[in-house]
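**Q** Right, I'll just put the structure down here and ask away after.
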Amino acid sequence: MELDYQHWVDQNLPSQKGKTILITGGNSGIGYYAALALAKAGGHVVIAGRNPGRIDQAIKNIEAEGIDGQVEAGIVDLASLESVNQFAVDFLSTHPKLDILINNAGVMMPPEGKTKDGFESQFGINFVGHFALTGLLFDRLKSTTDSRIVTLSSIAHRGAHIDFDNLRLEKPYDQKREYYQSKLADLLFTLELGRRIDAIDAPVLSVACHPGFTKTELQRHIDPAMLKDITLMDTWQGSLPTLLAATGPDVKQGDYYGPDGPGEMGGFPAIGEIDASALDTDVAKQLWDLGQTATGIAFP
Ligand SMILES: NC(=O)c1ccc[n+]([C@@H]2O[C@H](COP(=O)([O-])OP(=O)(O)OC[C@H]3O[C@@H](n4cnc5c(N)ncnc54)[C@H](OP(=O)(O)O)[C@@H]3O)[C@@H](O)[C@H]2O)c1
């Protein structure tokens, strides 16, 4: 299996020398394998996450693989806008460019909870935190030649719905519905951002991807019985749509990548199918307004 990973990476990953790459949640799962490949390819990778010990361990593991680039830690809790702000200030003062931002971190179906700013935790971490991070770093992306923003969505966006009256747990918690909603928000965000970037003619791509069903710690809150009929891909393979979206030479504004197998549940990366729910520009605008109001950050 490791050979297949290396084979795909060798065949498809261009050199990342000279590139600064920021990946949220790069200490674990899909983010870890994406960070590893990008650092091996010569990139300067910043792994941003909430747990310094886990990030340091991930960096040690990546460095032990032998890399051409470098890896450093960034501390950010996406469940707190104050933390996102502080991280952005630190990052901007130490990194003159940002070639690739990968909005990868996420939680799925945790026990009921809210972020520090009062959002249901999945919507707050998966969408609001990344909206703020992207907004705060956007000018640095814009001033970096041919930069990219890659945001992780999911098959779960299909048929989901943004309930604007239930983003702060106003209604009884439904862990599955709220996860699906957050991943639809990520895809609506990606596409709306791409349209807004095009409107100002900035040289930045906003693209999305999903890893099908991949074995990671994301499933930690799920009853194993729910997973018994599902085949999960190895973690390395789930990182490939991210790597293609982040580095592929033919990637275009608004592209969405996922595995090429049946139902996009497994396989190797290819263009994925975007559900009609993510193509609704009225909902996308409403979500954008909410993101701006909630974070106080207006961009692009
Ligand atoms: N695995 C799948 O089948 C699948 C399917 C569809 C979409 N996805 C998406 O893929 C992305 C990566 O997930 P994964 O499967 O690789 O899961 P994972 O192994 O659990 O990784 C998630 C990462 O997000 C970080 N994170 C969670 N909450 C955070 C917060 N408040 N602030 C900062 N970082 C936070 C975690 O940090 P800690 O290590 O500190 O917990 C971890 O590094 C997610 O966006 C997920 O929705 C995954």
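**Q** Would you mind stating whether GLY49 is of a type outside the set (Lys, Arg), farther than 28 Å from SER182 by Cβ and buried (at least 20 other Cβ atoms within 10 Å of the Cβ)?
**A** no
**Q** Next up: Being free of Cβ contacts under 8 Å to residues at least 60 places away in the same chain and within 15 Å of the chain's Cα centre (by Cα) is the filter here; which residues of the range 208-219 pass it?
**A** ALA208, GLY212
**Q** Another one. Quick check on ASP68: is it charged (D, E, K, R), free of Cβ contacts under 8 Å to residues at least 60 places away in the same chain and under 21 Å from ARG148 (Cβ atoms)?
**A** When the stated conditions are applied, ASP68 passes them.
**Q** Going by the conditions given, is ILE222 over 30 Å from ARG140 (Cα atoms), touching a residue at least 24 places away in the same chain (Cβ under 8 Å) and of a type in the set (A, V, I, L, M)?
**A** yes
**Q** Does at least one position in the range 161-173 carry a residue that is within 12 Å of the ligand (Cβ to nearest atom), within 17 Å of SER277 (Cβ to Cβ), among the aliphatic types (A, V, I, L, M) and modelled with pLDDT of 95 or more?
**A** Within the range 161-173, none of the residues are within 12 Å of the ligand (Cβ to nearest atom), within 17 Å of SER277 (Cβ to Cβ), among the aliphatic types (A, V, I, L, M) and modelled with pLDDT of 95 or more.
**Q** Among the candidates LEU227, LEU191, LEU205, LEU187, single out the residue that is in contact with a His (Cβ under 6 Å, 6 or more places away or on another chain) and either without any contact (Cβ under 8 Å) to a residue 24 or more places away in the chain or closer than 23 Å to LEU279 by Cβ (or both).
**A** LEU187
**Q** Answer yes if at least one residue in the range 35-43 is farther than 27 Å from ASP117 by Cα, of a type outside the set (A, V, I, L, M, F, W, C), near the ligand (Cβ under 8 Å from one of its atoms) and part of a helix (DSSP H, G or I), and no otherwise.
**A** Looking through the range 35-43, none of the residues is farther than 27 Å from ASP117 by Cα, of a type outside the set (A, V, I, L, M, F, W, C), near the ligand (Cβ under 8 Å from one of its atoms) and part of a helix (DSSP H, G or I).
**Q** Can you name the residue in the range 140-174 that is surrounded by fewer than 17 Cβ atoms within 10 Å (Cβ to Cβ) and of a type in the set (S, T, N, Q) and, of all such residues, is farthest from LYS116 (Cα to Cα)?
**A** THR145
The values are calculated or read from the model by the stated rules, or taken from the named source; none is laboratory data. All values reported here derive from a predicted model rather than from experimental measurement. Positions of Cβ are generated from backbone atoms using ideal geometry, with glycine treated the same way; all protein chains shown enter the neighbour counts.
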